[in-house]
Amino acid sequence: MWHIWIDTGGTFTDCLALTPSQDLLRTKVLSSSFLRGRIEQKVASHQVQISSSWAFPPELILGFSFRIVDQTDFLHITAVEGNVLTLSHDIYLDGDSVDFEITTHEEAPVLATRIVTQTPLGTAFPPLSMRLGTTKGTNALL
């Protein structure tokens with residue numbers, strides 16, 4: 001069984017996880033539930049080559065929603081091959097290198113759990129226990 005501890009704050013959500021084999025894993029996501037990266041180049045009409053600092057298998061983001069930072073329209077990631085994403089629609093890029101963000105539209109603790117357990121969208125999480133704490137809103141009390 002997985003044991004997961006999460007602290008969600010106003011900016012970041014931190015996650016520690018103890019795997020069933022007793023390995024300790026950690027991840028950090030934005031509390032907005034977005035992961036950010038950079039488009040390095042457009043490969044084809046629906047494909048972009050990206051760079052990111054994510055430390056999980058790239059295929060885990062299959063099915064995630066994708067958008068250019070500060071835009072409102074989402075595309076879907078339909079295929080992943082290394083650092084090349086295939087998107088559901090053609091994408092217009094204004095410039096050579098553009099920041100993007102992806103999300104599952106889940107709360108940040110769920111996204112962090114998905115990442116540490118490497119559970120794809122549409123798949124049930126493995127058996128786990130979770131402890132969740134928050135520091136959201138604490139500055140309002142000061």
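For the stretch 47-75, the residues whose backbone nitrogen is under 14 Å from a point 7 Å from the Cα of R38, taken along Cα to Cβ, are 49-54.
When only Cα pairs below 8 angstrom with a gap of at least 6 residues are kept, the chain shows a relative contact order of 32 percent. Placing a label point 7 Å from the Cα of D23 along the Cα-to-Cβ line, the residues of the stretch 51-89 whose backbone N sits under 15 Å from it are 55-58. When the P(r) is computed for the stretch 34-103, the part past 14 Å accounts for 53% of the Cα-Cα pairs.
The sum of -39500 (n - 2.57) across all DSSP H runs of n ≥ 4, divided by the residue count of the chain, sets its helix-only mean residue ellipticity at 222 nm to -2500 deg cm²/dmol. Which residues in the stretch 86-111 have a backbone N closer than 11 Å to a point placed 7 Å from the Cα of H46 along the Cα-to-Cβ line? It comes to 86-91, nothing else. Apply the a/c threshold of 1.5 to the C-alpha gyration tensor of the chain and tell me whether it is rounded, prolate or oblate. Taking the square roots of the gyration eigenvalues as a ≥ b ≥ c, the chain is oblate.
The numbers here are math on the coordinates, done by the rules we state, and not lab data. Remember, predicted model here, so these are calculated numbers, not experimental data. Cβ atoms come from the backbone with ideal geometry, glycine included; neighbour counts cover every protein chain shown.
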